[in-house]
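**Q** Structure in structure tokens, see below.
The values are calculated or read from the model by the stated rules, or taken from the named source; none is laboratory data. Only a predicted model underlies this, so the values are computations on that prediction, with no experimental measurement involved. As a convention, Cβ positions derive from the backbone with ideal geometry for all residues, glycine included, and neighbour counts pool all protein chains shown. Note: areas computed on protein heavy atoms with side chains; ligands, DNA, RNA excluded. Shrake-Rupley method; radii C 1.70, N 1.55, O 1.52, S 1.80 Å.
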Amino acid sequence: MSARFITFEGIDGSGKSTQSRRFADLLRDQGTDLIFTREPGGSAGAEEIRNLVLTGETDRWSAETEILLFTAARRDHLEKTIQPALDAGTTVVCDRFADSTRVYQGATRGDLRSKVDALHELMIGREPDLTFIIDMDPAVALERGLARKSGEDRFEDFGLGFQETLRHGFLSLAKAFPDRCVLIDGNRTIDQIASEIAAYT
Ligand code: ADP
Ligand code: TYD
């Protein structure tokens with residue numbers, strides 16, 4: 001089977017990291033050659049940008065500036081990590097990708113979606129083959145996320161209303177891209193969710 005580009009999306013604390021790692025481990029156990037990566041980050045340059053966008057005050061960057069920073073990080077990640085792996089026949093499992101920009105920057109602080117789409121088309125031009133969107137109650141997810149106290153909480157610090165807007169954004173995205181998106185109910189145990197996702201190996 002040819003290499004696949006698989007992404008996990010959802011609001012902060014929805015369980016993406018947990019489930020994407022579990023799925024990558026499962027694929028590896030089955031003999032799939034793969035790399036696990038994440039955004040923002042996944043290459044040396046993109047990890048530097050990660051630090052800029054995830055720390056500091058909520059008003060540190062406007063949504064417009066964030067679109068540029070996340071897209072710059074993604075371009076570096078794509079050039080240095082994702083595309084070389086896919087070209088070598090290696091599957092890529094990635095925690096967040098362009099759908100996060102569509103929702104976090106495109107639909108939370110004004111309608112900036114057409115700007116996100118234009119920049120994506122110009123500078124990225126690649127969609128995943130398969131995307132799991134983990135949907136869950138934003139209040140529970142926010143509690144989980146903030147409990148981690150990672151120091152990278154700039155987006156969690158926008159509060160519950162912001163997370164609710166994000167949830168609706170991800171639900172619309174799942175409807176808009178039905179060919180590649182699978183909506184997963186995240187309000188269950190880690191094992192229950194993982195066994196549903198395991199059907200997609
Ligand atoms: P995300 O990457 O979406 O922010 P994580 O996978 O890091 O989410 O999960 C956030 C926190 O919630 C972690 O402490 C994780 O162990 C816990 N968690 C993840 N999935 C579940 C679940 N289904 N039920 C309960 N706790 C969970
Ligand atoms: P992540 O480390 O996945 O955080 P979490 O585990 O809390 O989900 O992502 C960091 C934050 O960056 C997250 O709040 C979402 C945000 N983000 C954007 O706003 N736009 C983007 O394009 C990406 C990739 C992430």
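**Q** Quick one: which of 191, 111, 185, 135 is more than 17 Å from residue 98 (Cβ to Cβ), in contact (Cβ under 8 Å) with a residue 24 or more places away in the chain and exposed (fewer than 15 other Cβ atoms within 10 Å of the Cβ)?
**A** It is 185.
**Q** Still on this model: Would you confirm whether or not the stretch 168-187 contains a residue that is over 18 Å from the mean Cα position of the chain (by Cα), at pLDDT 95 or above and on the phi < 0 side of the Ramachandran plot?
**A** So far as the stretch 168-187 goes, yes, one or more of its residues are over 18 Å from the mean Cα position of the chain (by Cα), at pLDDT 95 or above and on the phi < 0 side of the Ramachandran plot.
**Q** Further, regarding this structure: Collect the residues in the stretch 1-49 that are at pLDDT below 95 and of a type in the set (D, E, K, R), keeping them in residue-number order.
**A** 12
**Q** Scan the stretch 62-72 and give yes if some residue there is touching an Asp or Glu at 6+ places or on another chain (Cβ under 7 Å) and within 25 Å of residue 34 (Cα to Cα), otherwise no.
**A** No: zero hits.
**Q** List the number of the failed condition for residue 41; all other conditions in (1) out of contact with any helix residue (DSSP H, G or I) (no Cβ under 8 Å at 6 or more places or on another chain); (2) open to solvent by less than 10 Å² (accessible area, probe 1.4 Å) hold.
**A** Of (1) out of contact with any helix residue (DSSP H, G or I) (no Cβ under 8 Å at 6 or more places or on another chain); (2) open to solvent by less than 10 Å² (accessible area, probe 1.4 Å), only one is false for residue 41: (1).
**Q** Here's another thing I want to ask about it. Check 3, 24 and return the single one that is hydrophobic (A, V, I, L, M, F, W, C), part of a loop (DSSP other than H, G, I, E, B) and in contact with a strand residue (DSSP E or B) (Cβ under 7 Å, 6 or more places away or on another chain).
**A** 3
**Q** Here's something else I'd like to know. Condition first: of a type outside the set (D, E, K, R), in a helix (DSSP H, G or I) and closer than 19 Å to residue 150 by Cα. Now tell me which residues in the stretch 34-87 satisfy that.
**A** Those that are of a type outside the set (D, E, K, R), in a helix (DSSP H, G or I) and closer than 19 Å to residue 150 by Cα: 46, 49, 51, 52, 53, 54, 58.
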